[in-house]
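A quick write-up on the structure given underneath.
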Amino acid sequence: QEKVQQSPESLIVPEGAMSSLNCTFSNSASQSIWWYQQHPGKGPEALISIFSNGNKKEGRLTVYLNRASLHVSLHIRDSQPSDSAVYLCAVFGDNSKLIWGLGTSLVVNP
Amino acid sequence: GGIITQTPKFLIGQEGQKLTLKCQQNFNHDTMYWYRQDSGKGLRLIYYSITENDLQKGDLSEGYDASREKKSSFSLTVTSAQKNEMAVFLCASSIIRVSNERLFFGHGTKLSVL
């Protein structure tokens, strides 16, 4: 059964710091990987996706994918209090099935 | 832009009751989804629909029915609410159901069963 694991479970950083979140998946043939942000009482909102090995940068966000090690990471530069949320990693596997991680809770202290 | 509207926002039911959750989208997306979100568990797919009147079971379909009578709406029925059940039900849509597609979510319906 395909699995997605996220670490750490929770992360506390000061305002302006870099936040680094990790996600490992079990299927090397996975398609794209998405990161979603979920604020309390709201639905998840897509942030960024990656398909090819390497990195992708959008604004303050950078994603790194290494398919050989089944690992993807999300880095948020200059973290802001408004970035405080749960971050979900979602991996497209076989038959376009989306597998979700449990999330990392990020708190950015002013 | 578009929006996904879920109603009601909060739903309190009694054990054994049949409960219906509704979802409307104005993206004109073909595919719609119902997910369940429990504390400590990842999002689990209950049902999805790739077009009007289509229904496909997800991993968690037992105990639920769904209906897609119009392209813009997708409803979910809990056929018999379980005592002390507490979860958030999330509706989502995407243009089509293929890999790499972004999902757009509503804000959820929070269910509590007494």
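Note down the relative contact order for chain B as a percent, whole number, built from C-alpha pairs under 8 angstrom at least six residues apart.
Working: 299 pairs, mean separation 40.5, N = 114.
Reported relative contact order: 35 percent.
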#### Entry: Rounded percent of accessible protein surface that carbon and sulfur make up, the range A:5-98, 1.4 Å probe
49
### Query
Given charges of +1 on the Cβ of Lys and Arg and -1 on the Cβ of Asp and Glu, with all other atoms neutral, how large is the dipole of chain A about its Cα centre, in debye to the nearest 20?
220
### Task
Using only the alpha-carbon atoms of chain B, report the extent along each of the three principal axes, biggest first, to the nearest angstrom.
37, 29, 25
## Note on the structure
Amide H contacts under 5 Å for A:Gly103, restricted to residues at least 5 apart in sequence or on another chain and with H modeled in the peptide plane, are A:Gln6, A:Cys89
### Query
Normalised by the number of residues in the range A:36-110, what is the relative contact order in percent for Cα pairs under 8 Å and 6+ residues apart?
25
### Query
How large is the convex hull of the Cα atoms of chain A per residue, expressed in Å³ as a whole number?
93
### Alpha-carbon centroid distance for the pair the range B:1-67 / the range A:31-85, whole angstrom
25
### Message
To check you understand DSSP bridge types, tell me what percent of the beta bridges within the protein assembly as shown (both residues inside) are antiparallel, rounded to 5.
### Response
90
## Note on the structure
Computed over the protein assembly as shown, the distribution of all Cα-Cα distances in 10 Å bins, rounded to whole %, is 8, 32, 34, 20, 5, 0
### Query
Counting only pairs 8 or more places apart or on different chains, how many lysine pairs in the protein assembly as shown have C-alpha atoms closer than 18 Å?
20
### Query
Using unit Cβ charges (K, R positive; D, E negative) and no other charged atoms, how large, in debye to the nearest 20, is the dipole of chain B about its Cα centre?
240
### Estimated Rh, the range A:34-96: Kirkwood, alpha-carbon pairs, angstrom
12.7
### Heavy-atom accessible surface of the range B:1-92: percent carbon and sulfur, 1.4 Å
46
### Task
Lys and Arg at +1, Asp and Glu at -1: add these up for the other residues within a Cβ distance under 12 Å of B:Leu76 and post the number.
+3
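The values are calculated or read from the model by the stated rules, or taken from the named source; none is laboratory data. Quick caveat: nothing in here was measured; it's all calculated off a predicted structure. Don't worry about glycine lacking a Cβ; one is built from the backbone with ideal geometry, like all the others, and counts go over all protein chains shown. These area figures cover heavy atoms from the full protein model, side chains too; ligands, DNA and RNA do not enter into them. Shrake-Rupley method; radii C 1.70, N 1.55, O 1.52, S 1.80 Å.
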